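Got a structure for you, questions after.
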């Protein structure tokens, strides 16, 4: 149908072009004819004289144009007529013709000018009619487009050529093992149906952004080798009511026609949010789409051989009916990788990159706790960009370390000139670094620098996080207090060296972190004498369909006690930080002089200087908890 319509459009276009060419020919040829006629022109007096001289052989009088077409005796046979412009009344001419016995006749014809004047409006009418036909042809396709409006926008592949296999996914081994059974269900369903097991209908991948949920879904499709339909949750919902539900029906219709297959819905929270209260207004279209999705997954008809894989980083907002068994039978949590997983991810993303043999991915994995797969991929890409900018042939450990600093802290700015501001920042950062080295339960120091960074950062003291604590989330009371003391070390150093009146507001971000940690110790972790009570909720966000009062309530008296206890923890740690700085004032001054001169002190050099001054073994200063 589309091919025949296109052919007709081309035919109309060719006809229009041909007509315009004809019109152009007529218009452009008219002046040529006029010039030619002018060349064969005789005056009226000359004509009368030639009749008297017996030189005229024949003559035609055109009464319409008032022109005489003359044929002379001495003209060749194929020569054109000579035109003579006549008067309104030609009595004398006719009398002379009769007297001289010249053959003449009176004729009537339409002039070329009249033809052109007639053709021009006809061509405009023809052009107008052609445009109307094209417009009608286009509008005739509107009903078919409207019928396709409710069709699913899912990308469909008969063969799951995603280009991703399980070997390309690293760092989430537990999730891969959990999903290996899904692949077996699709490849060898009889292995499970023989003992009465049913194929799971849905798998929900849950995890923070960048952990590899979409990549894992592509790997499942690539391993299974079955038809693969992928769509985003936002593509279901339109401004027109009923379109989302229609697209859900069409999606599952395609899946049933090509089962066994996989349907992948990315960001399902866009359509699967909890129904209910309608605070601030509801969205009937989204709820209708969700209802249709619930019915298709586990309604009156079975979807044998269809496995739905969905991904979200907001499981807390999903409707409970969507999460029940029979719809999403399995929920696989894809978390940020541990150190072993980060090392495996770095090896995957280092393929195709020239990395110096001396560069250690193990050290990189140790320095990047909390990094997701996307973060690590971006890290190596930034290192490769820095390598190309510095015109090196391979990525070295320096480029990788600089890329980590750039992603976690910011861009490097020009160093500060030697002055009071530079020394003030140096004392502040040495306070952090010295406490991180001397405190028993603090994390070890990686480096301390006073080179400014973007975002107003004058310098920083970088620690190597304790991955056993960070990855597990099991924060000990001693570790939290050591961290609070270390964070307050910068302000403590300023106070001990310059006095209370000369302290700056550079510790504002430090105080926010201290308040957060101390408050969690009191209200969430039960690390105070207020008792083993959870006085605050970790997530106080309010969503549609949830209660406004989402956090635990406490009395005004208890809230006052919490504030006092938080203040007590902060003041106690601050006093400890000041005592350590005061007792090591000579060491602080020495470290500041070195830092002002070098602008950066690496962790190992820093620990050696502290060990030489305090006579303590370096192993004890490594900060292992």
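So which residues in region 207-226 are modelled with pLDDT under 80 and in contact with a strand residue (DSSP E or B) (Cβ under 8 Å, 6 or more places away or on another chain)?
Matches in region 207-226: 221, 224, 226.
Give me the residue from region 358-369 that is in a helix (DSSP H, G or I) and free of Cβ contacts under 8 Å to residues at least 60 places away in the same chain and, out of that set, farthest from residue 345 (Cα to Cα). Steps first, answer last, please.
Our first condition is that a residue be in a helix (DSSP H, G or I); within region 358-369, this holds for 361-367.
Pick out the ones that are also free of Cβ contacts under 8 Å to residues at least 60 places away in the same chain and you get 361-365.
Numbers: 361: 10, 362: 11, 363: 14, 364: 11, 365: 9 Å.
In this case the residue turns out to be 363.
Something else now. Given region 1-104, what helices (runs of 4 or more DSSP H) lie entirely inside it while holding 2 or more residues that are modelled with pLDDT under 75 and under 30 Å from residue 127 (Cα atoms)? Don't jump to the end; show me each part of the working.
Numbers: elements: 2-39, 44-52, 91-99.
The helices (runs of 4 or more DSSP H) meeting that bar are 2-39.
Looking at this structure, is residue 571 in contact with a strand residue (DSSP E or B) (Cβ under 7 Å, 6 or more places away or on another chain), surrounded by fewer than 19 Cβ atoms within 10 Å (Cβ to Cβ), at pLDDT 85 or above and in a helix (DSSP H, G or I)?
no
Assess whether residue 444 counts as being at pLDDT below 90 and in the same structural domain as residue 575 (by TED's automatic domain parsing). So that I can check it myself, show each step before the final result.
Details: at pLDDT below 90: yes; in the same structural domain as residue 575 (by TED's automatic domain parsing): yes.
Yes, satisfied.
Quick grid of which residues meet (1) in the same structural domain as residue 483 (by TED's automatic domain parsing); (2) more than 16 Å from residue 607 (Cα to Cα); (3) in a helix (DSSP H, G or I); (4) at pLDDT 95 or above:
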| site | (1), (2), (3), (4) |
| --- | --- |
| 554 | yes, yes, no, no |
| 560 | yes, yes, yes, no |
| 564 | yes, yes, yes, no |
| 588 | yes, no, yes, no |
| 594 | yes, no, yes, no |
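Do the conditions hold for residue 459, that is, is it under 23 Å from residue 415 (Cβ atoms) and crowded, with 21+ Cβ neighbours inside 10 Å? Working first, answer last.
On the way: under 23 Å from residue 415 (Cβ atoms): yes; crowded, with 21+ Cβ neighbours inside 10 Å: yes.
Taking the combined requirement at face value, the residue satisfies it.
What are the residues in region 331-356 that are within 30 Å of residue 298 (Cβ to Cβ) and crowded, with 17+ Cβ neighbours inside 10 Å, if any?
Residues of region 331-356 within 30 Å of residue 298 (Cβ to Cβ): 331-335.
Of everything in region 331-356, those that are within 30 Å of residue 298 (Cβ to Cβ) and crowded, with 17+ Cβ neighbours inside 10 Å turn out to be 332, 334.
Conditions tested, residue by residue: (1) surrounded by 15 or more Cβ atoms within 10 Å (Cβ to Cβ); (2) touching a residue at least 40 places away in the same chain (Cβ under 8 Å); (3) in the same structural domain as residue 430 (by TED's automatic domain parsing); (4) not in a loop (DSSP other than H, G, I, E, B).
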{"residue": "480", "(1), (2), (3), (4)": "yes, yes, yes, yes"}
{"residue": "483", "(1), (2), (3), (4)": "yes, yes, yes, yes"}
{"residue": "507", "(1), (2), (3), (4)": "yes, yes, yes, yes"}
{"residue": "512", "(1), (2), (3), (4)": "no, no, yes, yes"}
{"residue": "517", "(1), (2), (3), (4)": "yes, no, yes, yes"}
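To continue, here is another question. Filter region 114-142 for residues that are out of contact with any helix residue (DSSP H, G or I) (no Cβ under 8 Å at 6 or more places or on another chain) and either surrounded by fewer than 10 Cβ atoms within 10 Å (Cβ to Cβ) or modelled with pLDDT of 75 or more (or both) and give the result.
The answer is 121, 122, 124, 125, 128, 129, 131, 132, 136, 139, 142.
Further, regarding this structure: Against the conditions (1) surrounded by 14 or more Cβ atoms within 10 Å (Cβ to Cβ); (2) at pLDDT 80 or above, where does residue 579 fall short? Just the number, please.
Against the list (1) surrounded by 14 or more Cβ atoms within 10 Å (Cβ to Cβ); (2) at pLDDT 80 or above, residue 579 comes up short only on (1).
Could you grab me the full set of residues in region 90-109 that are within 12 Å of residue 52 (Cβ to Cβ) and in contact with a strand residue (DSSP E or B) (Cβ under 6 Å, 6 or more places away or on another chain)?
Passing the criteria: 97, 102.
Right, another one. Taking the stated definitions as given, is residue 404 over 29 Å from residue 613 (Cβ atoms), within 25 Å of the chain's Cα centre (by Cα) and free of Cβ contacts under 8 Å to residues at least 24 places away in the same chain?
Values: over 29 Å from residue 613 (Cβ atoms): yes; within 25 Å of the chain's Cα centre (by Cα): yes; free of Cβ contacts under 8 Å to residues at least 24 places away in the same chain: no.
No, not satisfied.
Looking at region 322-339, is at least one residue closer than 30 Å to residue 463 by Cα and in a helix (DSSP H, G or I)? So that I can check it myself, show each step before the final result.
Going through region 322-339, the residues closer than 30 Å to residue 463 by Cα turn out to be 333-339.
Among the residues that remain, those that are also in a helix (DSSP H, G or I) are: 339.
Within region 322-339, one or more residues are closer than 30 Å to residue 463 by Cα and in a helix (DSSP H, G or I).
I've got another one for you. When residues of region 358-385 are filtered for being buried (at least 18 other Cβ atoms within 10 Å of the Cβ) and farther than 17 Å from residue 338 by Cα, how many remain?
4
Suppose the filter is farther than 21 Å from residue 171 by Cα and in a helix (DSSP H, G or I); does residue 344 pass it? Step through it out loud before you land on a result.
Numbers: farther than 21 Å from residue 171 by Cα: no; in a helix (DSSP H, G or I): yes.
In short, no.
The values are calculated or read from the model by the stated rules, or taken from the named source; none is laboratory data. Source: prediction; values computed, not measured. As a convention, Cβ positions derive from the backbone with ideal geometry for all residues, glycine included, and neighbour counts pool all protein chains shown.
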